[in-house]
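The values are calculated or read from the model by the stated rules, or taken from the named source; none is laboratory data. Predicted model, so just to flag it, every value in this text is computed and none were measured. With ideal geometry, Cβ positions are generated from the backbone for all residues, glycine too; neighbour counts draw on all protein chains shown. We work out accessible area using only protein heavy atoms, side chains counted, and drop any ligands, DNA or RNA first. Shrake-Rupley method; radii C 1.70, N 1.55, O 1.52, S 1.80 Å.
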Amino acid sequence: KLHAQHGGSFDEIHLSTCWSRLGKVARGADAFRLQRDPELLAPLTEQTAVAMDGFGARALSTTAHAVAKLRFTGSPYTRLWEAMRARALLCRGDLNAQGLANTAWAFATADRSEPDLFNALAEEAIPQLPDFSPQALANIVWAFASSSRHAPRLFVAVAAEAPPRLPGFSPQAIAMVAWSFASAGVPAPALFDALAAEVTPRVADCAPQALANLAWAFAVTGHARRVPSLLKAIAA
């Protein structure tokens, strides 16, 4: 409604804020209705795609994250995703740690495995890893693993960055990291030792999916033999 009334005067900040608000308020039946009827947001989608060349890094990552969170994919949104990809490549050097994580997560969630974009995001992320929050670290390795994007330098860097910071990770984030490394096939025995040591006392706080991901990751990597206490805690 707001866009219908004032959209003609929206700049990139207004547009990204509009998408962000939609991502936060559209839940349940409202989100389902929007997903089923793309025409409801066609004017906003088209205007955003056209205006994308003027988006800054923050507005870009915010918009991509919101569009992905709403599960807006497929042909009605192809032009918007292509515009966001092109813009992300151009302004990748301006993305901060959260922006890099959000952009990677968005394209992975939308099932848009863009090799050139993911390669660029990996290279930009590595020197910024100390600035990543625990959840952002988990999100970026999840994005690469779930998109089947090979980024060994990024994973090696995360394996070195994460262990001393694991007390700040939620159990779910720890499970995401374990799943991501196992799915990507990146050996990281020291990281898995640290993950097990941190999450074992907190197994009771894990959601069922996190428990399943942990069990799978440690089994697939063969690391389960090294941490029997974790598997016992999961099975209890």
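Okay, here's what the table says:
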quantity	calculated
Charge dipole magnitude, Cβ of K and R +1, D and E -1 - the chain, Cα centre, debye nearest 20	620
Extreme residue, positive dipole direction of segment 41-148, given options W142, P115, A68 (C-beta unit charges)	A68
List I13, I234, ordered by accessible area with a 1.4 Å probe, largest first	I13, I234
Test item: Cα-centred dipole of segment 114-224, Lys/Arg +1 and Asp/Glu -1 on Cβ, debye	260
With all protein chains modelled, accessible area of S61 [1.4 Å, Å²]	10
Mean Cα-pair separation over length for segment 156-236, i.e. relative contact order, pairs under 8 Å, 6 or more apart, %	36
With all protein chains modelled, accessible area of T221 [1.4 Å, Å²]	60
Exposed trypsin sites (Lys or Arg not before Pro) absent - longest run of the chain, DSSP non-H/G/I/E/B, at most 12 other C-beta within 10 Å	28-236
Highest-fluctuation residue, V158, V67, V186 considered, GNM on the chain with Cα pairs under 10 Å	V186
Probe 1.4 Å - accessible area at S75, Å² to nearest ten	100
The chain, relative contact order in percent, only Cα pairs under 8 angstrom and at least six apart counted	14
Carbon + sulfur, % of accessible area of segment 69-214 - ligands and nucleic acids excluded, 1.4 Å	53
Per residue accessible area of the chain, 1.4 Å probe, in Å²	47
